[in-house]
Amino acid sequence: MSSFYKPTKERYKILCEIKPFPSDEYAFASQAALHGFDPTTAVMHLEPRANESTLRTSDILDAIKEHSSSLALVLLSGVQYYTGQYFAIPEITKAAHDTGALCGWDLAHAVGNVPLSLHDWDVDFAVWCTYKYLNSGPGGIGGLFVHEKWHKEKGVQ
């Protein structure tokens, strides 16, 4: 995340779902604070509509559009650990890019569970573990995807 979250005074917000995995929440808040932003205003948590337990894709896309001028990064779970919701990765990634924001994914609960085509979907980056649904067990390695379009970018390290 630190290689991709490059906020400016105008574009500094991180869009995520309500109740992201706790370590994700910590990463979002600490990155915002590291760059001098108040996490309570820099990190935007999308909540489902009243009496619903998951987010509608249309609501995510609307939020991206609504905050397009201040949005630096969209970072969601591929499959939300708390609700099991499988997010529309291609559509959300495209919407983020259409506004000039980058889009990353925590795939800890998606890899090994659902089909993923990160390169074809133009995902900027994604991370996952292997001890859950890839069955590697304790001490298993983590995974990282960085789209090839970033391989020669000097700012991505």
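The values are calculated or read from the model by the stated rules, or taken from the named source; none is laboratory data. Since this is a predicted model, take the numbers as computed values, not measurements. Note: ideal-geometry Cβ built from the backbone for every residue, glycine included; neighbour counts use all protein chains shown. With ligands, DNA and RNA removed, areas are computed over all heavy atoms of the protein, side chains included. Shrake-Rupley method; radii C 1.70, N 1.55, O 1.52, S 1.80 Å.
If you check T54, T8, T41, T83 for being hydroxyl-bearing (S, T, Y), in a helix (DSSP H, G or I) and either in contact (Cβ under 8 Å) with a residue 60 or more places away in the chain or open to solvent by 20 Å² or more (accessible area, probe 1.4 Å) (or both), only one passes: T41. Once the range 103-148 is narrowed to residues that are of a type in the set (V, I, T) and more than 15 Å from the chain's Cα centre (by Cα), the residue that is least open to solvent (accessible area, probe 1.4 Å) is T130. When you scan the range 119-155, how many residues do you find that are closer than 22 Å to S23 by Cα, part of a loop (DSSP other than H, G, I, E, B) and touching a His at 6+ places or on another chain (Cβ under 8 Å)? Matching residues across the range 119-155 total 4.
Looking at the range 11-38 only, could you name the residues that are outside any loop (DSSP other than H, G, I, E, B), among the charged types (D, E, K, R) and surrounded by 17 or more Cβ atoms within 10 Å (Cβ to Cβ)? Of everything in the range 11-38, those that are outside any loop (DSSP other than H, G, I, E, B), among the charged types (D, E, K, R) and surrounded by 17 or more Cβ atoms within 10 Å (Cβ to Cβ) turn out to be K13, E17, D24. Residue count for the range 57-80, restricted to those that are part of a strand (DSSP E or B) and aliphatic (A, V, I, L, M): 7. Is there a residue being of a type in the set (D, E) and under 29 Å from A33 (Cα atoms) anywhere in the range 48-56? Within the range 48-56, none of the residues are of a type in the set (D, E) and under 29 Å from A33 (Cα atoms).
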